[in-house]
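Student: Take a look at the following structure, please.
FYI, it's all coordinate maths here, none of it is from the lab. These figures come from a predicted structure and were not determined experimentally. Cβ sites come from the backbone with ideal geometry, for glycine too, and all protein chains shown count toward neighbours.
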Amino acid sequence: LAIALSCVFVTSQVAAEESEVVSYAGFQVWKIKPNSGEERQFILDIKDSYELELWNERRMTRDPIDFIIPPQSQTKLKSKLAERKISYVVVISDLQTAIDNQKTNINKTTSDSKAAYNMDWISYHRLNNIYAFLTYLNTTYPKLVQLINIGSSYEKRPLYVIRISNSSSPGTRPAIWIDGGIHAREWISPAVATYIIQQLVEVPANAKLLSNVDWYIMPVVNPDGYEFTHTTNRMWRKTRSVSSTSSCRGVDPNRNFGFKWGGLGASTNPCQDTYRGTKAFSEPETLATSNFIKGKSSQIKLYLTLHSYGQYALIPYGYDVVYPPDYNDLLALANNAASKFVKYTYTVGNSADLLYAASGGSDDWAKSIGIKYSYTFELPDRGTNAFTLPASEILPVCQDFFPALDVFATKVATCC
Ligand code: ARG
Ligand code: ZN
């Protein structure tokens, strides 16, 4: 999901970012509910002077807007909103507490010494655990799994795609691509991607999902950012590349893909969270990922990228409210997939229409190179816990999501 960081807020974060762990003690998340277009504009106008960080913006006038509010702004904002009779709810009363709670169980070493790997879906995991899990699958199931190193991140971490195929000639059948972790702080995304991998590889009952389709899954597209959210700033979104013109680091990978790059909803300011980068595919992560996908573009029929939060199934295009000619095909399949969800309901629709225009997204790019079915799924929740979704929710989210893959696999086997 996108954001526009206020400059003031960014500056204070940047000062701290390289040297010390960023604390969100006293920061709150408020869901503010404008009653009119005017009120909405008022809120967006005072954003910078109150150092508010916008977390979740939707296009529609009366949709609530999620903001992160620094401690020093809470009292004055409260009276400002009261003056205008604009209502809001405090959804997270202390962000640092939510962050600390989310880390319970993290990387817990299993007490079961027979466990084959240190991966589970009851805690969030560091990159080393995720990569060790992929390596384990590669050596344990050589007939089914191939671990492919597609390049390196800015900070030289390997970028891994795992191919899962039971075909005697893998690479010749229709395929589904799934990626996660484009945005660093959306921890539920790599968690769901790794769950999917585990289910496809290790659970015999899911073998039917492999019978006609190959799978390419990249659980962490932005490993530098992901590690940075674990070590230093939990709310980091971007890559970690250094700018030649600014002391602010990082590019929004989902504004860096080479279709309609530099259009609406993509910042030219390296200090902003939606910074587009100096050119399309300026980031080694987006470049390597796109090159790999391009090389398989005749095989890949469905591109699925996992983000959070909001519970949306987003259909291209996102660069503006533009519908591809086969929009109805994409909508029907998304609706069918979303109908499998029981615990969490997802809103299905055009990306720019439901959220906001944002150019340079991976979904638009995938669509533009001829992958018919291209989606961004915004995983749970709808803002109650937002990026700090408790670890106890990981498994329920994964289990709720997984049945949708059957819908995708069935379609892709014969679609196009
Ligand atoms: N939350 C995602 C983002 O802002 C949504 C991307 C939707 N796709 C798009 N091409 N705008 O990056
Ligand atoms: Zn995202």
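Student: How far is helix 7-17 tilted, in degrees, relative to the longest principal axis of the Cα atoms in the chain, given as a value from 0 to 90 rounded to the nearest 10?
Tutor: Roughly 60 degrees between the two axes.
Student: From largest to smallest, what semi-axes in whole angstrom does the stretch 340-406 give when each is the square root of 5 times an eigenvalue of its alpha carbon gyration tensor? Don't jump to the answer; show the numbers that get you there.
Tutor: On the way: eigenvalues 120, 49, 23 Å².
Taking √(5λ) for each Cα gyration eigenvalue gives 25, 16, 11 Å.
Student: Another question, if that's okay. Only sites in a loop by DSSP and with at most 14 other Cβ atoms within 10 Å count here; which trypsin sites (Lys or Arg not before Pro) in the stretch 135-165 make the cut?
Tutor: Numbers: sites: Lys143, Lys156, Arg163; in loops: Lys143, Lys156.
Answer by residue number: Lys143, Lys156.
Student: Once the Cα atoms of helix 188-202 and of the chain are each reduced to a long axis, what angle between those two axes, in degrees from 0 to 90 to the nearest 10, is obtained?
Tutor: 10 degrees
Student: Given Cβ point charges of +1 (Lys, Arg) and -1 (Asp, Glu) and nothing else, what value in debye, to the nearest 20, does the dipole of the chain about its Cα centre take?
Tutor: 520 debye
Student: Oh, and also: I'd like the trypsin sites (Lys or Arg not before Pro) in the stretch 337-416 restricted to DSSP loop residues with at most 16 other Cβ atoms within 10 Å, sorted by number. Present the calculation step by step, with values, prior to reporting the outcome.
Tutor: Details: sites: Lys340, Lys343, Lys367, Lys372, Arg382, Lys411; in loops: Lys340, Lys343, Lys372, Arg382.
Answer by residue number: Lys340, Lys343.
Student: Let me ask something else. Rounded to the nearest Å, what's the spacing between the alpha carbon centres of the stretch 279-334 and the stretch 115-174? Just the number, please.
Tutor: 22 Å
Student: Please quote Rg/Rh for the stretch 304-416 to two decimal places, taking the Kirkwood radius as Rh and restricting both calculations to Cα atoms. Working shown, then result.
Tutor: Working: Rg = 13.9 Å, Rh = 14.4 Å.
With Rg and the Kirkwood Rh in hand, the quotient comes to 0.96.
Student: Per 10 Å bin, what percent of the C-alpha pairs of the chain does each bin hold, from zero upward?
Tutor: 5, 23, 34, 26, 10, 2, 0
Student: Taking the Cα centre of the stretch 300-416 as the origin and placing charges on Cβ (Lys, Arg +1; Asp, Glu -1), which of His307, Pro396, Ala357 is farthest toward the positive end of the dipole?
Tutor: Pro396
Student: What is the helix-to-structure angle for 74-83, meaning the angle in degrees between its Cα long axis and the longest Cα principal axis of the chain, kept from 0 to 90 and rounded to the nearest 10?
Tutor: 70 degrees
Student: Can you pick out the pairs among Lys143/Lys411; Lys31/Lys103; Lys372/Lys411; Lys238/Lys294; Lys31/Lys85 whose Cα atoms lie more than 18 Å from each other? Walk me through the numbers before you get to the answer.
Tutor: Details: Lys143/Lys411 25 Å; Lys31/Lys103 24 Å; Lys372/Lys411 11 Å; Lys238/Lys294 23 Å; Lys31/Lys85 14 Å.
As for pairs spanning more than 18 Å Cα to Cα, those are Lys143/Lys411; Lys31/Lys103; Lys238/Lys294.
Student: Among DSSP beta bridges lying fully in the chain, give the percent that are antiparallel, nearest 5.
Tutor: On the way: 27 of 49 bridges.
Percent antiparallel among DSSP bridges in the chain is about 55.
Student: For Val321, Val242, Val192, what's the fewest-to-most ordering of other Cβ within 10 Å of each Cβ?
Tutor: On the way: Val321 15, Val242 11, Val192 25.
The order, fewest Cβ neighbours first, is Val242, Val321, Val192.
Student: Would you mind ranking Asp363, Asp45 by Cβ crowding within 10 Å, fewest neighbours first? Write down the numbers at each step before the final one.
Tutor: Working: Asp363 26, Asp45 9.
Sorted ascending by nearby Cβ count, the order is Asp45, Asp363.
Student: Treating cross-link reach as a plain straight distance, find the aspartates and glutamates whose alpha-carbon is under 12 Å from the alpha-carbon of Lys33, omitting any fewer than eight places away in the same chain.
Tutor: Glu57, Asp63, Asp66
Student: Not counting the cut sites, what is the longest span of the chain without GluC sites (Glu not before Pro) that DSSP labels loop and that have at most 16 other Cβ atoms within 10 Å? List each step's numbers first, then the result.
Tutor: Details: sites that count: Glu18, Glu20, Glu155.
In short, 156-416.
Student: Using +1 at the C-beta of Lys and Arg and -1 at the C-beta of Asp and Glu, which of Tyr373, Tyr327, Thr347 has the Cα lying farthest in the positive direction of the dipole of the stretch 268-392?
Tutor: Tyr373
Student: What is the local net charge at Lys156, summed over the other residues whose Cβ is closer than 15 Å to its Cβ (Lys, Arg +1; Asp, Glu -1)?
Tutor: It works out to a net charge of -3.
Student: With +1 on each Lys and Arg Cβ and -1 on each Asp and Glu Cβ, how big is the dipole of the stretch 257-308 about its Cα centre, in debye rounded to the nearest 20?
Tutor: Details: 6 positive and 3 negative charges, 58 e Å.
Charge dipole of the stretch 257-308: 280 debye, to the nearest 20.
Student: Sort Val22, Val161 so that the residue with the fewest other Cβ atoms within 10 Å of its own Cβ comes first and the one with the most comes last. Numbers along the way, then the final one.
Tutor: Numbers: Val22 19, Val161 24.
By the 10 Å Cβ count, ascending, the order reads Val22, Val161.
Student: What aspartates and glutamates sit close enough to Lys301 to cross-link, taking a C-alpha to C-alpha distance under 19 Å and skipping anything fewer than 8 places away on the same chain?
Tutor: Asp179, Asp214, Asp326, Asp329, Asp363, Asp364, Asp406
Student: For n ≥ 4 DSSP H runs only, could you compute -39500 (n - 2.57) per run for the chain, divide by its residues and tell me the 222 nm figure to the nearest 500? The partial results should precede the final answer.
Tutor: Details: 13 runs with 131 residues, N = 416.
Here the helix-only value at 222 nm equals -9500 deg cm²/dmol.
Student: Return the Cα extents of the stretch 29-102 along principal axes one, two and three, sorted largest first, each rounded to a whole Å.
Tutor: In descending order, the Cα extents are 37, 24, 19 Å.
Student: While we're looking at this one, here's another question. Using the crude model of +1 on Lys and Arg Cβ and -1 on Asp and Glu Cβ, and no other charge, please compute the dipole size for the stretch 40-102 relative to its Cα centre, in debye to 20.
Tutor: Working: 10 positive and 10 negative charges, 90 e Å.
My answer is approximately 440 debye.
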